[in-house]
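Heads up: the structure comes next, in structure tokens.
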Amino acid sequence: MEKEPKRSEIKREDKWDLESMYSSIDDWNKDYEKVMSMEQKGKSFKGHLLDSGKKLYEYLTYVDEMDQILEDLIIYASMKSDEDTTNTEYIALKGKVENLEVRLAEEFSFVTPELLKTDYETIEKFYEECPELLEYEFDLKDIFRFKKHTLSEEEERLLSSLSNDLDYSNKTASIIRNSDLKFGNIRDENGKEIELTNNNYSVFMESPNREVRKEAFKEMYKCYGQFKNTLATTYAGEVDANIHLSKIHNFESARQRALFHNNIDLRVYDNLINTVNEHLDTLYKYYDLKKEVLGLDELHLYDIYTNLVKEDNKKYSFEEAKELVLNALNVLGEDYIANIKKAFDENWIDKYPNVGKRGGAYSWGTYRSKPFVLLNYQGRLDDVSTVAHELGHSMHSYYSKKNNPYHSYNYRIFVAEVASTVNEMLLYKYMLKNSKSKHEKLIILNNLMELFKGTIYRQTMFAEFERDIYDKVEHGEVITYDLLCDYYYELNKKYFGKNVVVDEEIKYEWERIPHFYMNFYVYQYATGLSAASAIVSDILDNREKAKENYLKFLTLGGSMYPIDELKVAGIDMNKKEVIEKAIKMFDEIIDEFKEVYNS
């Protein structure tokens, strides 16, 4: 087995150019000291924000300047630490600036309560007095949107001081799942006894050996079943805390409070669930295909994650990946391609694994830096897809920074996965069209089917579970393990259909889903893929202005609410047609797999 190189052994051209941010730690420390010195003047604005429009504008621009430097400090230290997590020098830098960030957040917590002491009419008068303030109009309107949901400064400070306490249910559940639970040992494909863990469970569930899958499934949920009372209690604590916070802040429900931050109407959430429920037949069609290809008399839940096609050993060099990505994304036009070439030519990308490097992949940067990409490229098809995916994030950031001032360049999480998924799907579509290999096509189609099954349907099932449990509690029901287990089991029966054996053990699966402690987060995975699917369909079908509208969407940053940004791209998440277009694409991929498989 080839050893990973040390960081010092990686070629310069294969590393990201963080020196373009700071050439030395001394330069970093100079900016750190600068922020420290700026802190005092920033605090001097307390009690004076409403003195005049000019004073408010002076504060906002001053804090923008300070925040830009702070952002550089945080992200540089984090990325340097990720290069080599054994390097204690950068771990110390990261901890140092994170402490500063926490202190600054507390010091400047006065801003929103102070502004909300007045009415928005005062701010409108400020615009007349100081027209430059109009640059912040969207941000200020967004602050005043929270007026009726914001308590006094002292009350907000008190609640803020309880934030760690209110998170104990999540922390406790995480410790139980990841540290305390012991799932025992199972035998792998070679008969070797291996400890079953939360981390390797998914590997066993993809095993081509059915007995391995079955044993992993049975042992995992046998253990979770023994902790159903404890984890029902932690989840009840999470639900109760969010419901109480929603009441304290004058929201009608915990779900409304969670979606309010991105200004998402509850109808978007319900539209997703209702539309997916109307098209469960496509999911059933996929499971029928899986049962047929695997040659099984009965398809059990421990069969659903195994691949329909054996992975091959084909490797793609990074140059081949680059060529594939550029060719696939050429449909987005000359400007997009010219800018994405900068990623390859100007050292945005940290390409390969090295000793101590953080695993996985991400795109990250600051307003003043390049939109960097961390990879651990090893030449698999999934790695090629990751290049396209992360560059989608980077291009979204690139266009957002290029077209917006600092305070409105950051796009919100609701749209964060759209650009990345558009790139990923365009790559797969291009490879399917141009590949001469039947096996490669089947692997791609298998990956796409898994993407739609896991993101559109599974995440929507999670979203439905979360919505309905909160609704039951808000209408007086008490969370018990029976309530959670019974309802989760019924949902699984609905989503898997009559042709899949819904093994009883699945009723405990809710216990191992960390996203249920993320307060109505998971639905965004499904809406994001749905939006991306519709965008890709429109672009490849040459729908009028589809490409132009999408590129315009990439420039919006955080200058609009995410629902309105997607409308610029021609996507209305209030309409079922967007979800249906994604499901139609899933259905067509199933048919294409059948056709290629039988050819």
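Here, each number is a calculation from the coordinates, and none is a lab measurement. Just so it is clear, the model here is predicted, and its values are computed rather than measured. Glycine gets a Cβ as well: all are built from the backbone with ideal geometry, and neighbour counts include every protein chain shown.
Only DSSP H runs of four or more residues enter the estimate; each adds -39500 (n - 2.57), and after division by the residues of the chain the mean residue ellipticity at 222 nm equals -19500 deg cm²/dmol. Suppose the chain between Arg543 and Lys218 were pulled fully straight at 0.36 nm per residue; how much longer would it get relative to their current alpha carbon spacing? Taking Arg543 through Lys218 to full extension adds about 112.1 nm, to one decimal. Placing +1 on the Cβ of every Lys and Arg and -1 on the Cβ of every Asp and Glu, with no other charges, gives the chain a dipole of roughly 960 debye about its Cα centre.
Rounded to the nearest 0.05, the FRET efficiency derived from the C-beta distance between Thr88 and Asp139 at R0 = 45 Å is 0.70. The modelled label-to-label distance between Glu19 and Glu298, using points 7 Å beyond Cα along the C-beta direction, is 6.4 nm. For the stretch 399-513, place one equal point scatterer on every Cα, skip the solvent, and apply the Debye formula. What is log10 of I(q)/I(0) at q = 0.23 Å⁻¹? Summing over Cα pairs of the stretch 399-513 leads to -1.21. Counted residue by residue at 0.36 nm each, then reduced by the alpha carbon distance between them, the extension gain from Ile194 to His249 reaches 14.9 nm.
Computed extension length for Ser152-Arg187: 6.7 nm, one decimal, from 0.36 nm per residue of separation with the Cα-Cα distance subtracted. Within a straight-line Cα-Cα reach of under 24 Å, Lys182 can be paired with the following lysines, leaving aside sequence neighbours fewer than 8 residues apart in one chain: Lys171, Lys192, Lys214, Lys218, Lys222, Lys228, Lys507.
Placing a pseudo-label 7 Å from each Cα along the Cα-to-Cβ vector at Tyr168 and Glu65 gives an inter-label distance of 4.4 nm. When +1 charges are put on Lys and Arg Cβ atoms and -1 charges on Asp and Glu Cβ atoms, the dipole computed for the stretch 395-496 relative to its Cα centre reaches about 1020 debye. Given the stretch 489-565, report the % of alpha carbon pairs whose separation exceeds 17 Å. That fraction is 66 percent. Entry for the stretch 1-99 at q = 0.14, 0.17 Å⁻¹: log10 I(q)/I(0) = -0.65, -0.83, Debye formula applied to identical alpha-carbon scatterers, no solvent contribution.
Residue by residue, what Karplus-based ³J(HN,Hα) values in Hz, rounded to whole numbers, does the stretch 25-41 have, using 6.51, -1.76 and 1.60 with θ = phi - 60° and x for Gly and Pro? In residue order, the calculated couplings are 5, 4, 5, 4, 5, 5, 5, 4, 5, 5, 5, 4, 6, 6, 4, 5, 5 Hz. Placing unit charges on each Cβ (+1 for Lys and Arg, -1 for Asp and Glu) gives the chain a dipole about its Cα centre, and among Tyr302, Gly333, Tyr508 the Cα reaching farthest toward its positive end belongs to Tyr302.
Rounded to 0.05, the FRET efficiency of the Val102 and Ser202 pair, given R0 = 35 Å and the Cβ-Cβ distance, is 0.55. Size descriptor for the chain, Kirkwood hydrodynamic radius: 26.5 Å (Cα pairs only, one decimal). A viscosity of 1.306 mPa s and a temperature of 10 °C, combined with the Kirkwood radius over Cα pairs in Stokes-Einstein, give a translational diffusion coefficient for the stretch 524-599 of 119 µm²/s.
Take 445-452, 130-137 and order them by the average number of nearby Cβ atoms within 10 Å per residue, most first; the result is 445-452, 130-137.
Less than 5 angstrom separates the built amide H of His300 from those of Val501, all sequence-distant by 5 or more or on a different chain.
Note on Lys341 and Glu577: with the Förster distance fixed at 25 Å, the Cβ-Cβ geometry gives a FRET efficiency of about 0.10. Working ranking of peptides 397-409, 221-233, 380-392, 140-152 by packing, defined as the average number of other Cβ atoms within 10 Å per residue, highest first, is 380-392, 397-409, 221-233, 140-152.
Spin-label model, Cys130/Gln256: points 7 Å from Cα along the beta carbon direction are separated by 3.4 nm.
For q = 0.35 Å⁻¹, what log10 I(q)/I(0) does the stretch 182-223 give under the Debye formula with an equal point scatterer on each alpha carbon and no solvent? Summing over Cα pairs of the stretch 182-223 leads to -1.48. Dimensions of the stretch 83-221 based on its C-alpha atoms, expressed as ranges along the principal axes with the largest first, amount to 78, 39, 30 Å. With the Kirkwood sum run over all distinct C-alpha pairs, the stretch 7-165 has a hydrodynamic radius of 18.2 Å.
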